[in-house]
Amino acid sequence: MELGLQGRTALVVASSQGLGKAIATQLVTEGANVMLLSRNEEKLQKIQKELTQLNTGNVAYTVCDITNTEDIKQAVEQTIQTYGIIDILINNAGGPTPGTFEQLSDENWYHSFELNLLSYVRMIREVLPHMKKNGGKIINIASSSIKEPIPGLLLSNTFRVGITGLTKTLASEFAPYNILINTIAPGRIATERVASLDNMAAQKRSISVEEVQKESKATIPLGRYGQPSEFATFATFLVSDANTYMTGQSFLVDGGMVKGL
Ligand SMILES: NC(=O)c1ccc[n+]([C@@H]2O[C@H](COP(=O)([O-])OP(=O)(O)OC[C@H]3O[C@@H](n4cnc5c(N)ncnc54)[C@H](OP(=O)(O)O)[C@@H]3O)[C@@H](O)[C@H]2O)c1
């Protein structure tokens, strides 16, 4: 299959670890030029070095806090200055603060709104004028909570659903410019975030992390957590030339975890 990613430019948000890093890695492997983005310059420098050694696509980075509008404007500007174009935007973010209704303050709600929903809107707003010229692909990373609320992750259960409404609406608004936009929802992919959630659950219930993981894996028909590279493979397909007709959709990458139709 011809992916046509050679020489394409991708801005991969929240790519210093986990899902973002895995997607950036696969895009570079396919010959794309990538702009890495997160708050941590040290980590970004390290990944830039690692990926540059692949000798496939170019790799640059921009330090950006995606809860800050000015930072987002500057990151998109830097991507344009570096590569002249943005063909692909991967919208991603850190996870929201876990908690039930009575545990969450207004401050938690505002922060998660900015981090997990508004940052996607702001990023798309800045990228859009550039993408309108030549078309493009946008991926919004959400969570399996878009299909089935996760106990104790109320902020995810609320704001991720907003991402699906955003994606579906923009698919129609952007179609005349040949900009295809989709949501991908991870189930349990083995990243630092999932490891830390498992640790928190183990501490709270005074059981071992292994026990938490065993219970969690038992809910997944494939019987294991996904690897970040498995998630990245699907994202890479969706943003490639191989996808010409899928837009406005929400796709689960969850090993069969969500049981609803
Ligand atoms: N992994 C899963 O199975 C799973 C399941 C459901 C949902 N999700 C969601 O998918 C997203 C990615 O998951 P992950 O597992 O890869 O998470 P992760 O391992 O915690 O990585 C989060 C990334 O977000 C960056 N980040 C956090 N806050 C930021 C900010 N204000 N500005 C810029 N970058 C920021 C972090 O970089 P810096 O710290 O360097 O800034 C890091 O690169 C998260 O929202 C997570 O909740 C993941």
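Computed from the coordinates by the stated procedures, all read-outs in this text should not be read as laboratory data. The structure displayed is predicted, hence computed values, not measured ones. Cβ: placed from backbone, ideal geometry, glycine included. Neighbour counts: every protein chain shown.
Listed by position, the helices (runs of 4 or more DSSP H) inside region 1-103 whose residues that are under 14 Å from Met123 (Cα atoms) number at least 2 are 69-83. Residues that are of a type in the set (Asp, Glu) and either exposed (fewer than 15 other Cβ atoms within 10 Å of the Cβ) or touching an Asp or Glu at 6+ places or on another chain (Cβ under 8 Å) (or both) within region 36-95 comprise Glu41, Glu42, Glu50, Asp65, Glu70, Asp71, Glu77, listed in sequence order.
Against the definition (basic (Lys, Arg), touching a residue at least 60 places away in the same chain (Cβ under 8 Å) and in a helix (DSSP H, G or I)), how does Arg193 come out, yes or no? In short, yes.
Mind checking which residues of region 18-32 are touching an Asp or Glu at 6+ places or on another chain (Cβ under 9 Å) and either under 18 Å from Thr67 (Cα atoms) or more than 9 Å from the ligand (Cβ to nearest atom) (or both)? Those that are touching an Asp or Glu at 6+ places or on another chain (Cβ under 9 Å) and either under 18 Å from Thr67 (Cα atoms) or more than 9 Å from the ligand (Cβ to nearest atom) (or both): Thr25, Ala32.
Taken as a whole, region 167-176 holds no residue that is surrounded by 19 or more Cβ atoms within 10 Å (Cβ to Cβ), of a type outside the set (A, V, I, L, M, F, W, C), touching a helix residue (DSSP H, G or I) at 6+ places or on another chain (Cβ under 6 Å) and touching a residue at least 40 places away in the same chain (Cβ under 8 Å). Scanning region 113-159 for residues that are in a helix (DSSP H, G or I), within 15 Å of the chain's Cα centre (by Cα) and among the polar types (S, T, N, Q) returns Asn116, Ser119, Ser144, Ser145, Ser156.
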